[in-house]
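Step one of this worksheet: look at the structure below.
Just so it is clear, none of the values below were taken in a lab; they were calculated from the coordinates. None of these values were measured; they are calculated from a predicted model. Methodologically, a virtual Cβ is constructed for each residue, glycine included, from the backbone with ideal geometry; neighbour enumeration extends over all protein chains shown.
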Amino acid sequence: MEGPPGPITAIDGRRYVYFAGTGYLGLAGHPAVVEAGREALQRYGVHTATSRSGFGNNPLTLLVERRAADFFGSEEAFYFSSGYAANHVLLQARGRGADLVLADEASHYCLQEAARLLGKPVETFRHRSAEDLEARLKKRLRRGQFPLVLSDGVFSVSGRLAPVPEYLRVLQNWAPSALHLDDAHGFGVLGEQGRGVWEHFGFWDGRVNSPSPDAAVARFVCGTLAKALGGFGGIVPGSCAFVREVRAASHYYDGASAPSSADAGVSAAALEIVRQQPELRRQLRANIRQLRQGLRALGLEVDDGPAANFSVEIGRASHMRQIHDGLKAAGFLVPYVAAYSGLGPEGVLRFAVCALHTPAMIEDLLSALKPMI
Ligand SMILES: Cc1ncc(COP(=O)(O)O)c(C=O)c1O
């Protein structure tokens, strides 16, 4: 990639209309975001070269946390250098009490790895199946034992959502229990305020990452600023007490370099744009609708889901490779994903749409795709 990702980008010397990646609000090349990164480097150097608990709290790191907390409507937020590590950070605080960890079999690598680091029994359940989850709980758990359920909020390739209300209904019978979601692809996209999958299902009510001791099902979430939210690094919003606990438990506060100055600078700027410009989210929603409906009109199996990423299986792997190559030759990039956590043997074509695609770009993609199906 030889330029910033956006609706159009340059790859290997050629310009493409880009329907890939995860920059769903189109902020990674925004001039104000890029300028904020440049200013941050100039003012603070590359990074503080110490942990947050040393002298690593430069004003930008704190600003990111303030703006992230404002965006999520939470008291506080913990910002650290990697979304991949976000599950590890959160589970170190709240996973250790679990008697059994149950993860969706298609959940992201980083979720499954973080689960195994807990040193607790870990099992997987059938992808998005509350029935299978319930059956495994009945088989494996005695009353009074504490189950912790893990899933992506929005699956990174398929764009399908965890069936959150169904999981909560099942877990209600196993109180106390917990549902932990990695919402890397939901933050900034789903929900009226863009707060992600918990908000989408109507559960963003001050109790996510702020569990009361008598909660039947504790609700947790973590994610990244590096996708829709246009910055870089991991983020855990929550109540003051909860964030304090997460910082203390994970050692990312005292044992890891603080996020780099450029990362913090761009993240703070991008969060401000997301707050000031809710129309970006509205435009993204319109684009998601147009692309999903357009693909359906071509006879493909695509639902009306709210995610900006989704995948389509069109025949065999070789056919999808041909479509990928044909679209590329026509100037459109839609990746063929052969293998990723949760995918079947033939792989899929993964589409991602961003707020800055124009209706004409989407129409042109559909016209190019039509004769190839
Ligand atoms: C579900 C999920 N979680 C976490 C990550 C990692 O986040 P980051 O790229 O910010 O490390 C990804 C992919 O990048 C992802 O798809």
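Brief remarks on what is shown
- Structural descriptor for the range 178-302: relative contact order 20 percent, calculated from alpha carbon pairs under 8 angstrom and at least 6 residues apart.
- DSSP-loop chymotrypsin sites (Phe, Trp or Tyr not before Pro) across the range 68-107, with at most 11 other Cβ within 10 angstrom: none
- DSSP finds beta bridges in the chain, and of those with both partners inside it, around 45 percent are antiparallel.
- Rounded to the nearest 20, the size of the Cβ-charge dipole of the chain about its Cα centre is 400 debye, with Lys and Arg at +1 and Asp and Glu at -1.
- Fewest-first ordering of Thr224, Thr22 by other beta carbons within 10 Å of each residue's beta carbon gives Thr22, Thr224.
- Listed residues Phe125, Gln42, Tyr252: farthest to the positive end of the dipole of the range 39-275 (Cβ charges): Phe125
- Top of Ala32, Ala103, Ala114 by mean-square fluctuation, Gaussian network on the chain, Cα under 10 Å: Ala32
- Solvent-free Debye scattering, log10 I(q)/I(0), computed from the Cα coordinates of the range 8-120 at q = 0.21 Å⁻¹: -1.23
- For the chain, a Gaussian network of Cα nodes joined below 10 Å ranks Asn173, Asn287, Asn58 by mean-square fluctuation, and the top entry is Asn173.
- Restricting the trypsin sites (Lys or Arg not before Pro) of the range 96-170 to loop positions (DSSP other than H, G, I, E, B) with no more than 16 neighbouring Cβ atoms within 10 Å leaves Arg96, Arg126, Arg142, Arg143.
- Positive dipole terminus of the chain, leading residue within Ile323, Gly54, Gly97 (C-beta point charges): Gly97
- Comparing Leu349, Ile314, Phe332 along the charge dipole axis of the range 286-358, the residue lying farthest to the positive side is Phe332, per the Cβ-charge model.
- Taking Cα centre as origin and charging only the Cβ of basic (Lys, Arg, +1) and acidic (Asp, Glu, -1) residues, the dipole magnitude of the range 126-242 rounds to 520 debye.
- Remark: the range 39-275 is approximated by an ellipsoid whose semi-axes, taken from the C-alpha gyration tensor as √(5λ), come to 31, 18, 15 Å, largest first.
- Here is the list for the range 299-330: trypsin sites (Lys or Arg not before Pro) lying in DSSP coil, each with at most 13 other C-beta atoms within 10 angstrom of its C-beta, are Arg316.
- The chain, helix-only ellipticity at 222 nm - DSSP H runs n ≥ 4, -39,500 (n - 2.57), divided by all residues, nearest 500: -11500 deg cm²/dmol
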